[in-house]
Amino acid sequence: MSHDPDRYREPAGPPTDTPAVRIEGLTVTAPDGRLLLTDAALALRPGRVTALTGPSGSGKTTLLRAVTGLLPPGTRRTAGQVEVLGQDVFALTEKELRALRSRRLAYVGQDPGSGLNPRMRVRSLVRELSTDRAADTVTALLAEVRLPDDGRLAARRPAALSGGQQRRVALARALARRPDVLLLDEPTAGLHPELREEIGSLLRHLAAEHRLAICLSCHDPELVERIADDVVELGSHLPGPRAAATALRPVGEGGDVHVLPAERIGDEGAAPGGRVPVPGAAVTAVRPLGEAGDVPVLEARDLGVSFGRRRGTVPALDGVGLSVAADGATGIVGASGSGKTTLVRAVVGLQPVTSGTLRLDGRPLSTGLRGRAREERRRIQLVTQNPLGALNPSRTIGAAIGRPLRLHRRCTPAEAPGRVADLLEQVGLPPAFADRYPHELSGGQRQRVAIARALAADPDVLICDEVTSALDSDTAEAIMDLLTRLRTERGTALVLISHDLPLVADRTDTVTVLDAGRVVEAGATGEVFAAPKHAATRALLGSEHAARRPR
């Protein structure tokens, strides 16, 4: 990756150990009185990368947002101070706070796509925040975040980008400000291993060479081990009546949170959650492949999708096929931008196609959602990569999960509350969450709600787009165990998009590899991963292996 030394503000004066961000005694309370953070303390220093780790819902996003002076809606600071570059953010006027966030403090949230204006093109999204008005600024910033522009990408709108591309556009927008403090909420979620490495290298470079104070939340222990100078572990494991709260204190005060040297995090060479590493190790399928001649529950043939109009048309899918066996598990892998999300959106009828056909149980299925019967819509459910944009912010969690129960007549009105509670428990959330709103949940909790909502329709095919990327390893493993159990008990077919190749190796029977909108390899997962025939597959496996090498 190229780094332009002139594109960032030069440090003023000699290096100093004075924190750019200092948090002391911060307590944040939810509307119902729950403690989200208790007596929190944190220091971010120029030139250092600090990683926040911990299970979903432990308070990482709340802590990051406190630095910006914008707590989640409805929450309030009941004690403590937050100083950024010598200023108390909760004492600033709205005008002063806007100036701080626009010039010296940058924040990229966990669902960056929801923060991109859908009507603006990429070049305008990046240019509007840039302090550098040079003609090549947008091109240079996109290249920095590994989005080299051939003249086409900068002309796209967010809807024509993959989730990983949207995330990198949001990062380019943040860097365009030349900030002193950079806050990132799961910046590498949904990126393939090589890109995780590249983004990690960029963050290290910005901290070391330009003395940015960088803080990121992250569920990837290998990445944390490689790039973090300091690691702050948050957890909901406190004893006694405070067990539901999250505490953050310096090391030595109760042991609730541990700040550890980065080299002590993780076991060298181990795959997270005990999953099978790739390549170089045996891969397993969780069920035998279907018998020859079985009719797939879902089949796509020669699908084509294009973005843009007339001369600016860009093919996103070209003659793509996909076959999903009844009660089988199919993986879809490929580099960011290869067409994975576009493919599954086309399958569920959300993305118009220019060519190709779909079949459900061997019968023709309309390629458009409006042409499908209610029962056909029920049978295929999609869990998207960014749940914040998929959940109605004005509906409670109970209403969101209850709606498909009602629409698809899966239970009586009297049975609905109990069914909602059961679905929440299945995805590892307390039934009391039914009364909360999406903004009151962490990113990982929202992802589990999205899974519960999809399961409420009792689908025959469940399509999951990077559903574990925002989850800690234990929660991700529990969710995958749930999906595997659904296959066994209900015969639900699973389509799994993931950059986590060990997860795909462990949990799928067949895999389809996409590259530049085309299928380059498909077959039994164990065979494809053990003996890849196409260069794109070998590159994916190689980048996964490289990402797991110790520093």
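Report, in debye and to the nearest 20, how large the dipole of the stretch 434-479 comes out about its Cα centre when Lys and Arg carry +1 and Asp and Glu carry -1 on their Cβ. Could you put the intermediate results ahead of the total?
Details: 4 positive and 9 negative charges, 39 e Å.
Approximately 180 debye in magnitude.
Roughly how many nanometres apart are two label points built 7 Å out from the Cα toward the Cβ at Lys533 and Thr357?
Result for the modelled spin labels: 2.5 nm.
So for the pair Thr313, Ala432, with labels modelled 7 Å out along Cα→Cβ, what separation do we get in nm?
Between Thr313 and Ala432, the label points sit 5.6 nm apart.
Once the Cβ-Cβ distance between Thr78 and Arg403 is put in as r, and R0 is 41 Å, what FRET efficiency do you end up with, to the nearest 0.05?
Step by step, r from the Cβ atoms, then E = 0.75.
What is the Cα radius of gyration of the stretch 379-505 over 2.2 N^0.38 Å, N being its residue count?
With N residues counted in the stretch 379-505, Rg over 2.2 N^0.38 Å equals 0.98.
Apply the a/c threshold of 1.5 to the C-alpha gyration tensor of the stretch 338-388 and tell me whether it is rounded, prolate or oblate. Don't jump to the answer; show the numbers that get you there.
Values: a/c = 1.96, a/b = 1.28, b/c = 1.53.
Oblate, since a/c reaches 1.5 and b/c is not below a/b.
Have a look at Pro73, Val145, Ser102 and report the one farthest towards the positive end of the charge dipole of the stretch 44-145, computed about the Cα centre with Cβ charges (Lys/Arg +1, Asp/Glu -1).
Highest projection toward the positive end goes to Pro73.
Taking H as built 1.01 Å from N, whose amide H comes closer than 5 Å to the amide H of Thr512, not counting residues under 5 places away?
Gly331, Ile332, Val333
Taking a point 7 angstrom from the Cα of Arg121 along the C-beta vector, which residues in the stretch 131-153 have backbone N less than 12 Å away?
151-153
Name the residue farthest towards the positive end of the dipole of the stretch 75-157 from the options Gln87, Thr131, Gly115, assuming +1 on Cβ of Lys and Arg, -1 on Cβ of Asp and Glu, about the Cα centre.
Gly115
Among 64-74, 169-179, how do they line up from the highest to the lowest mean number of other beta-carbon atoms within 10 Å?
Final packing ranking: 169-179, 64-74.
Mind ranking 364-371, 381-388 by how tightly packed they are, going by the mean number of other C-beta atoms within 10 angstrom, highest first?
Sorting 364-371, 381-388 by mean packing, highest first, produces 381-388, 364-371.
Going by average Cβ density within 10 Å per residue, which order do the peptides 196-204, 505-513 take, highest to lowest?
By packing density, highest mean first, the sequence is 505-513, 196-204.
Coordinate-derived values only; no laboratory data. Since the structure is predicted, the reported quantities are computational estimates derived from the model, not experimental observations. Methodologically, a virtual Cβ is constructed for each residue, glycine included, from the backbone with ideal geometry; neighbour enumeration extends over all protein chains shown.
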